[in-house]
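Nothing in this text is a laboratory measurement; each read-out follows from the coordinates by a stated rule. On a predicted model such as this, the values are computed, not experimentally measured, just so you know. With ideal geometry, Cβ positions are generated from the backbone for all residues, glycine too; neighbour counts draw on all protein chains shown.
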Amino acid sequence: MVRPPASVSPYRAGISVLLFLVLVGLASAGPAKIPTEPAEAVVAIGDVHGDFDDFVAILKRVGLIDAPYHWTGGKTTLVQVGDLLDRGPKPREAMDLLMSLEKEALQAGGRVVSLLGNHEMMNIMGDLRYVTAVNYASFADANSEERQRFAYQAYMKWRGSHAALLAELPQPMELTEEEWMARHPAGFIEQREAFGPKGSYGKWLREHSALADIGGVIFLHGGIHPDLAKMKLDAINAQIRDEIKTFDATKQYLQDEKIILPFFNLQEITAVVQAELTAALKSRMPSDQQRQTRLRQFLGYGEWLSVKVDGPLWFRGYDQWSEEEGAEHMGKLLEAFQATHIVVGHTVQKGGRIRPRFGDKVFLIDTGMLSSYYPGGRASAMEICGDAKFTARYMDQQVVLLDSAVSSPGRAGSGAPAGVAVATNISERPAVLPADGGICLATATAPQ
């Protein structure tokens, strides 16, 4: 052991050793924890739908990433409210980017909050109606044709052993190899594996919540129906997580019982389970009551909170309500959850503009980023400074939607108190500012 110089007192030597041990402990610690204090700035982005290029463009515009796609947002919180997937050409790239930014933001003292949308839930459950051939192709590799052939052989073997079940299907499944291959293109099997509980994207998505409360502002994909006001936000998130676990467990049970194959989509699973129940009723053999009960319970998934039309991932009331109806409901919802505002995506806003509603208590931020699918859509983000200033950011301009710190009369009919500058009519484009320059990103600390 090296002794300290004679001129150094034992007390000072002890302090030095202690500091050294502290530094070693910090260096060996795991990833930084998500900060619990309010963020200096929050940037919320709506539905991406595989439009990776415009997603990157708006992230650069608001100063959260640089040209090589690394985090430059410092202590900012980025919230993406779901629907990264489907329709557009590059959902994998969008997910890979957020997965990378999650780690980099934590190291810089910021965070990335990626929420579940209805399309994330659809991919988890195998509802593939909006997955395109290009999406499947992005999962293909040199062995895809071989996997495809083995999967078809497994399917034909399954058909041969389920004659009674197949007879009860309301619509026949694919009968020819050509038809089966067309519905299961190269990359299909890999896509299904990737979104499973053990898949790279499946594991990541299953870690996400449906709702987040950040500084009194609630973020989610669709909206909170008034009937859910009696629940706590944590309870809503927990129920949706439990529903995903129930689905995963039931699908595994169906595979173990040889009722389905691993790559069956949700529509196929549903039809097969219904046919299995019908075939069992017609059989004169004694039935397995526990099995029958489990199958019937699965068929009730349409009423799950994560799936039903007025659940948090699907609800569109904030777009459809009248101002009077919405103001009444919103007052009760915000009081129940002790929140100041709610921010949602899911419903594309006309004109490609972020839309405040109900006295600026709700902000609808899905502006149809994938403009090739949504004519007139465009990339956008909403910056929130504390809970006082809400600014819409577009590629060519930024618009202050609400600034509680500005002392000016509210517009007539806005529902806002005097002294709050608001934007109730987006077409007026109030407080339009230059596109460059952040609203509160100037306070963000760049990564060291």
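With a 10 Å Cβ neighbour count serving as the proxy for reagent exposure, in which order, fewest first, do 395, 156, 181 appear?
Least crowded to most crowded, the residues run 156, 395, 181.
Whole-Hz ³J(HN,Hα) for each residue in region 178-188, computed from phi via Karplus 6.51 cos²θ - 1.76 cosθ + 1.60 with θ = phi - 60°, x for glycine and proline: what do you get?
4, 5, 5, 5, 5, 8, 10, x, 4, x, 4
Report, in whole Å, the centroid distance computed from the Cα atoms of region 38-70 and region 357-402.
Cα centroid of region 38-70 versus Cα centroid of region 357-402: 13 Å apart.
Once phi is turned into ³J(HN,Hα) by the Karplus curve 6.51 cos²θ - 1.76 cosθ + 1.60 with θ = phi - 60°, what whole-Hz value does each residue of region 47-59 show in order, with x for glycine and proline?
Per-residue couplings from phi come out as 4, 9, 6, x, 8, 4, 5, 6, 4, 4, 4, 6, 5 Hz.
Enumerate the lysines that residue 157 could reach by cross-link, defined here as Cα to Cα under 22 Å, with residues fewer than 8 away along the same chain left out.
251, 258
From the backbone phi of region 126-137, what are the Karplus-calculated ³J(HN,Hα) couplings (6.51 cos²θ - 1.76 cosθ + 1.60, θ = phi - 60°) in whole Hz, Gly and Pro given as x?
Karplus-based 3J(HN,Hα) across region 126-137 equals x, 8, 9, 4, 10, 7, 9, 4, 5, 4, 4, 4 Hz.
Return the lysines within reach of residue 75: Cα separation strictly under 27 angstrom, same-chain partners fewer than 8 residues apart disregarded; answer none if there are no such residues.
List returned: 33, 60, 103, 203, 361, 389.
At a 10 angstrom cut-off on C-beta neighbours, averaged per residue, how do the peptides 66-76, 133-143 rank from highest to lowest?
Listed from highest to lowest mean packing, they are 66-76, 133-143.
Only counting other Cβ atoms within 10 Å, I'd like 261, 334 sorted with the fewest neighbours first.
261, 334
Can you pull out the trypsin sites (Lys or Arg not before Pro) in region 280-311 that DSSP calls coil and that have at most 10 other Cβ atoms within 10 Å?
284
If I model a spin label at residue 99 and residue 238 as a point 7 Å from the Cα along the Cα→Cβ vector, what separation in nanometres do I get?
So the label points at residue 99 and residue 238 sit 3.0 nm apart.
Compute the length gained on full extension between residue 183 and residue 372: take 0.36 nm times their separation in residues and subtract their Cα-Cα distance, giving the result in nm to one decimal.
Between residue 183 and residue 372, full extension yields 65.6 nm more.
Would you please give the residues with an amide H less than 5 Å from that of residue 214, counting only those at least 5 places away or on a separate chain, with H modeled from the backbone geometry?
Excluding prolines and chain starts, which carry no amide H, the hits are 219.
Could you work out the relative contact order of region 86-210? I mean the mean sequence separation of Cα pairs under 8 Å and 6+ apart, divided by the number of residues, in percent.
34 percent
Residue 282: which aspartates and glutamates have alpha carbons under 18 Å from its alpha carbon, excluding same-chain residues fewer than 8 sequence positions away?
The qualifying aspartates and glutamates are 168.
What FRET efficiency comes out for residue 395 versus residue 350 if R0 is 22 angstrom and r is the Cβ-Cβ distance? Round to the nearest 0.05.
Working from the Cβ atoms, E equals 0.75.
How would 283, 371, 209 line up from fewest to most surrounding beta-carbon atoms within 10 angstrom?
Result, fewest neighbours first: 283, 371, 209.
In a shell of Cβ-Cβ distance under 13 Å around residue 137, excluding residue 137 itself, what net charge do Lys and Arg (+1) and Asp and Glu (-1) give?
Here the charged neighbours net out to -1.
For the peptides 312-319, 234-241, 253-260, what is the packing order when you average, over each peptide's residues, the other Cβ atoms within 10 Å and list the highest mean first?
Per-residue mean Cβ counts within 10 Å order the peptides as 312-319, 234-241, 253-260.
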